[in-house]
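Asker: One structure is given below, represented as structure tokens, and several questions about it will come after.
The values are calculated or read from the model by the stated rules, or taken from the named source; none is laboratory data. All values reported here derive from a predicted model rather than from experimental measurement. No Cβ is skipped: glycine too gets one built from the backbone with ideal geometry, and neighbour counts run over all protein chains shown.
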Amino acid sequence: MSARPRRCSASPPTPRSRRCSTRSSRGSRTRSPKGPSEVSTGLAARSWAFLTSPRATWWLVGALVAVGSLIRIPQLGHTLAEAYAFRQTQTAFVAREYSEHGIDLFRTPLPVFGPDADVPMEFPLWQGIAALFMMAGQPADVAVRTLALLSFQLCAVLLAVLVRRWHGAAAAVVSVGLLQFLPFGLLWGAASLIDFFSVALSLLMVIGIDAWFERRHLPWLAVGSAAAVLAFLVKVTTVPSWGLLLVVSLVLMLRARGWVGSWRRLLAGLIGPVAGFAAALAWTAYADAVKRAEPLTQFLTSSQLRDWNFGTLSQRVEADGYWTILGRLAGEIAGPMLFGLAIAVAAAIFQSRFEDRLRSLGWLLVAVSAPLVFFNLYVVHSYYLIAIYPAIVAAMAVGGVWLLRTLRVQRWQRVALAALATGVLFAGTVLSPQGHANVAQWARGNAEPALSRLLAERTPEGSPVIIVGCDWDPSFLYYAQRAGMMFRGSDAGDTWSRHDIGAYAALYNCRPDLDPADYLPAGVVAVGTDDPGLYRLEQR
């Protein structure tokens, strides 16, 4: 009589226990063969095994952040007279004024519309922090670049936290690597801009509120809510798109717990974003009131900038603007033919689990929604892609890891394909005109503007300067260490009824077709000097 088959124990096996097996009546051990999908999954798991432990993940992320910081240290000594010097020096100018005259976040000193001009744009928290670096002894340019680099690397770490939570360790490491070393990141990772700081706050908002939705973690809710308020204040054009990731988190919570089990968490999770939106509205109203009180800054009120921010209908129905944005994405981030984003789209469609597909779609929605809403800003300013750059690299990393895990190939083949894809991506971006320019700008700095040197050498120290025909580019006065009055229009209007012309000793004319006399009150004349464009002011 044959022995009865041994039953498997219902308790979990210990690490040393043998696998449960069945025996035939002859006593031979049999085992069900693995299907192709199991073989593929097993190979993929072994291929990425070096990333699976938390310690290994954070060692790799830390190494990437360290290398990314080291290669940007020379950049800290560059001047801000590079891509978008206008915007970089505008930010640095406010920080330097804070360091010299005291920090008051309800004033935004930008002395290009007069020595005491107050030109509030976004809430100047970043500029206030940069001023502390200057007060500690750092030169102005080094201080703002140092804070920018810290903001960039904070963004990298927070991105790794969220991607690892949602997609696993491998995607987290790859996303940080792309963020650090693609040409776009090389150029803007240490630029004097608030944008990576605003993205870091937005990521912290998502991380905190997502933890609340998923695990009802109250401290993370507090962190996420506070970050949401600051994100809306620091740069209101960044955070709305990142809020779409909270929609993804909300959908997954509702799917797992149902409405009855979720509505309290939903209401609590909305506190931070709603408060942030209200704070942004209040700050915008305050900033508009300040700028409306000075005729020279009325063009910077939100009502006057509506078309500038969102674009016109005629602009949106033409293809040129879209091609401009797509060209930058291909040349600086996603590679030839946008193949990195194409893989990300495939992952959002074909991943097996609904949760993975939805989260991949969330990253893509962040990347798409911001340019569609603030269309003109993304057409005119390439640096605006900073707001969605981490979402793009996250989507690409998730797609790339998914594709490699899906392929039914041996481990060495998977490694070879990963190296090939990485090489194509980096070569395609670095060799493109935009990517090459980014790398060149990262590698070498530019001299200060010649006009700034002229003003510093030929105008009295401490005396403000009138500048006409140069729009309102702050870089000239910033590097000249001068305050000034920059006229954008064809004349001075009634400016001198509110400002003291006697404080000004010189005028510089950037355009020969303009007459300096049109910008001066009666009784003041511009006397030419040996330097073309530079005039001495005299009372007559």
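Asker: Return the residues of region 287-309 that are touching a residue at least 40 places away in the same chain (Cβ under 8 Å) and surrounded by 16 or more Cβ atoms within 10 Å (Cβ to Cβ); say none if nothing qualifies.
Answerer: Within region 287-309, 287, 290, 291, 294, 296, 297, 300 meet the criteria.
Asker: OK, next. Do we find a residue being at negative phi, surrounded by fewer than 16 Cβ atoms within 10 Å (Cβ to Cβ) and at pLDDT 95 or above anywhere in region 231-250?
Answerer: yes
Asker: Same structure again: Could you list, in sequence order, all residues of region 517-537 that are closer than 18 Å to residue 500 by Cβ, modelled with pLDDT of 95 or more and out of contact with any helix residue (DSSP H, G or I) (no Cβ under 8 Å at 6 or more places or on another chain)?
Answerer: Across region 517-537, the qualifying residues are 519, 536.
Asker: Of the residues 463, 475, 432, only one is among the hydroxyl-bearing types (Ser, Thr, Tyr) and in the same structural domain as residue 75 (by TED's automatic domain parsing); which?
Answerer: Only one candidate passes the filter, namely 432.
Asker: Now a separate question. Within region 422-473, count every residue that is of a type in the set (Val, Ile, Thr) and in contact with a strand residue (DSSP E or B) (Cβ under 7 Å, 6 or more places away or on another chain).
Answerer: Result for region 422-473: 5.
Asker: Would you point out the residue of region 450-470, among those that are within 31 Å of the chain's Cα centre (by Cα) and without any contact (Cβ under 8 Å) to a residue 40 or more places away in the chain, that is surrounded by the most Cβ atoms within 10 Å (Cβ to Cβ)?
Answerer: Ranking the qualifying residues of region 450-470, first place goes to 452.
Asker: Next question. Might you let me know whether region 430-447 holds any residue that is surrounded by fewer than 17 Cβ atoms within 10 Å (Cβ to Cβ) and closer than 16 Å to residue 509 by Cα?
Answerer: No, every residue in region 430-447 fails to be surrounded by fewer than 17 Cβ atoms within 10 Å (Cβ to Cβ) and closer than 16 Å to residue 509 by Cα.
Asker: May I pose another question? Could you check region 272-286 and list, in sequence order, the residues that are of a type in the set (A, V, I, L, M) and either in the same structural domain as residue 486 (by TED's automatic domain parsing) or surrounded by fewer than 17 Cβ atoms within 10 Å (Cβ to Cβ) (or both)?
Answerer: 274, 275, 278, 281, 282, 285
Asker: Right, next: Pull up region 424-448, narrow it to residues that are touching a helix residue (DSSP H, G or I) at 6+ places or on another chain (Cβ under 6 Å) and not hydrophobic (A, V, I, L, M, F, W, C), then point me to the one that is nearest to residue 477 (Cα to Cα).
Answerer: Among those that are touching a helix residue (DSSP H, G or I) at 6+ places or on another chain (Cβ under 6 Å) and not hydrophobic (A, V, I, L, M, F, W, C), it is 448.
Asker: Something else about it: Which residue out of 377, 364, 404 is surrounded by 18 or more Cβ atoms within 10 Å (Cβ to Cβ), farther than 18 Å from residue 428 by Cβ, touching a residue at least 60 places away in the same chain (Cβ under 8 Å) and within 25 Å of the chain's Cα centre (by Cα)?
Answerer: Exactly one of 377, 364, 404 is surrounded by 18 or more Cβ atoms within 10 Å (Cβ to Cβ), farther than 18 Å from residue 428 by Cβ, touching a residue at least 60 places away in the same chain (Cβ under 8 Å) and within 25 Å of the chain's Cα centre (by Cα), namely 377.
Asker: Would you tally the residues in region 65-100 being under 17 Å from residue 144 (Cβ atoms) and either assigned to a helix (DSSP H, G or I) or polar (S, T, N, Q) (or both)?
Answerer: Looking only at that region, the number is 22.
Asker: Tell me the helices (runs of 4 or more DSSP H) entirely within region 400-495 that contain at least 2 residues that are within 30 Å of residue 335 (Cβ to Cβ).
Answerer: Here the list reads 411-430, 433-443.
Asker: Which number in (1) within 18 Å of residue 200 (Cβ to Cβ); (2) of a type outside the set (A, V, I, L, M); (3) touching a His at 6+ places or on another chain (Cβ under 9 Å) marks the one condition that residue 166 misses?
Answerer: Only one criterion is unmet by residue 166, namely (3).
Asker: Got at least one residue in region 55-63 being surrounded by fewer than 11 Cβ atoms within 10 Å (Cβ to Cβ), at pLDDT below 95 and farther than 21 Å from residue 400 by Cα?
Answerer: Yes, because at least one residue in region 55-63 is surrounded by fewer than 11 Cβ atoms within 10 Å (Cβ to Cβ), at pLDDT below 95 and farther than 21 Å from residue 400 by Cα.
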